[in-house]
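Okay, so here's the structure we're looking at.
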Amino acid sequence: MQIAKPQLEFVAGREYAEVLAALWEGHSMFTRRTLFIVGAGASREVNFPVGTDLMGIIAGKLDIRFNDDWTVSRGDKRISEAVNTILPTMWPEVDPNPLYDAGRAISGAMSQAISIDNYLHTHSTDSLVVQMGKLGIAASILEAEANCLLNVDLSRDQSFGFDLVKNTWFSAFFQMLHEGVQRENLVDIFKNVSFITFNYDRCIEHYLAHAISNYYRVPLADAEAIVTETLRIEHPYGQVGRLPWQRSSTSSMMSFGYDFRGADLPHLAEQIRTFTERVDDDDMMERLHRQIAEAEVVIYLGFSYGEMNMQLMTVKEAGLRTVFGTTLGMSAPNKKVIEMDVRAAMGHADVATVNHAYYDDLTCVDFLRSYGKLIMRG
């Protein structure tokens, strides 16, 4: 017996009717084009080092010193191995000391820097500083992936620890994502949802593939294909290689949590981009600006609203939209500036492009739990 689709009445406004219609069709409950802009603060919930902690780790890794017999006495041995891998490509320059000096210069400045990204942008014309900075980032992020709550040790036949991340934004977001999406409509799960992440890690893609596989009882390879083919996600500053199951024109791939070698670092570091390199990437900038311009709902999660990143995302024209954002630990005066900066980044100053804005001093998971329904209804 076929059930007729109900005729929805104007009960609580057109938006509510559309939400019910979407549920009936079995498609995404995100009724508006929704963009999540993710910063480093979001990764803290799965035990990633961020901010000053991350800069401290990078500083320690790049402060490479040697004993009299040229064994590494301080700093990261795998980065030293990476330097040895790079040297043959620098012929006829075969002296490693300028690279180590550049690394130590970065190390000594991290306590002054806003972020490693800002520091590399400041020194974007110094190829040695940029190269060593990228090696430090790559080594630090790969180690963080291995030690975070999302990692699965396949060599020990471990299963994904969904209980470990149930109180993180990853779990809260996935609950929003799958509501109303039946198994037969799984290919539509990312309809109206996209991401811009300023993080170098692959946590979002890695988690979503495992979450879809487990919840919908589909093979992991099928879930990975859905993420690869239907999720729109941009990494403006690049990432530490592609995951092996992601389509890529580059050979720079690395499994999540893999125990990498020093020789792996140079080609992975090549996938990391400075602010200057990103601005010069016309294709990426066009995709990123299109995402922002088309979005009807924008959510900033764990984002610092840094001037450099806000500049990167500024568009000339955009439609009317609703904005949400976490502002945990930010002062009232700074929050006023942030709200003005967000509005300025959303389009022409003389045209209103933000009809509602919601900011709150909450963690990412608490923010999504508090504002989830409002976000999905746009």
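Values as computed for the structure displayed
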{"item": "Total residues in region 1-30, condition surrounded by fewer than 21 Cβ atoms within 10 Å (Cβ to Cβ) and either closer than 27 Å to GLY108 by Cβ or modelled with pLDDT of 85 or more (or both)", "result": "0"}
{"item": "Test: residue in region 66-80 that is open to solvent by 60 Å² or more (accessible area, probe 1.4 Å), touching a residue at least 60 places away in the same chain (Cβ under 8 Å) and either in a helix (DSSP H, G or I) or under 15 Å from LEU135 (Cβ atoms) (or both)", "result": "yes"}
{"item": "Count - residues of region 111-136 that are among the aliphatic types (A, V, I, L, M) and either more than 13 Å from LYS61 (Cβ to Cβ) or open to solvent by 50 Å² or more (accessible area, probe 1.4 Å) (or both)", "result": "6"}
{"item": "Answer from GLY108, GLY41 - the residue that is touching a residue at least 40 places away in the same chain (Cβ under 8 Å), open to solvent by less than 40 Å² (accessible area, probe 1.4 Å), of a type outside the set (Val, Ile, Thr) and assigned to a helix (DSSP H, G or I)", "result": "GLY41"}
{"item": "Within region 279-378, strands (runs of 3 or more DSSP E) holding 2 or more residues that are open to solvent by 20 Å² or more (accessible area, probe 1.4 Å) and either more than 30 Å from ASN47 (Cβ to Cβ) or touching a helix residue (DSSP H, G or I) at 6+ places or on another chain (Cβ under 7 Å) (or both)", "result": "354-360"}
{"item": "When residues of region 87-105 are limited to those that are of a type in the set (A, V, I, L, M), over 29 Å from the mean Cα position of the chain (by Cα) and assigned to a helix (DSSP H, G or I), the one farthest from LEU265 (Cα to Cα)", "result": "MET90"}
{"item": "Any hit, region 92-101, residues being modelled with pLDDT under 95, open to solvent by less than 50 Å² (accessible area, probe 1.4 Å) and acidic (Asp, Glu)", "result": "no"}
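Quick grid of which residues meet (1) open to solvent by less than 70 Å² (accessible area, probe 1.4 Å); (2) modelled with pLDDT under 95; (3) farther than 30 Å from GLY302 by Cβ:
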site: MET55; (1), (2), (3): yes, no, no
site: GLY60; (1), (2), (3): yes, no, no
site: ILE86; (1), (2), (3): yes, yes, yes
site: MET90; (1), (2), (3): yes, yes, yes
site: ARG104; (1), (2), (3): yes, no, yes
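The values are calculated or read from the model by the stated rules, or taken from the named source; none is laboratory data. Fair warning: this is a prediction, and the values are worked out from it, not measured in the lab. No Cβ is skipped: glycine too gets one built from the backbone with ideal geometry, and neighbour counts run over all protein chains shown. Ligands, DNA and RNA are excluded from the accessible area calculation, which covers all protein heavy atoms including side chains. Shrake-Rupley method; radii C 1.70, N 1.55, O 1.52, S 1.80 Å.
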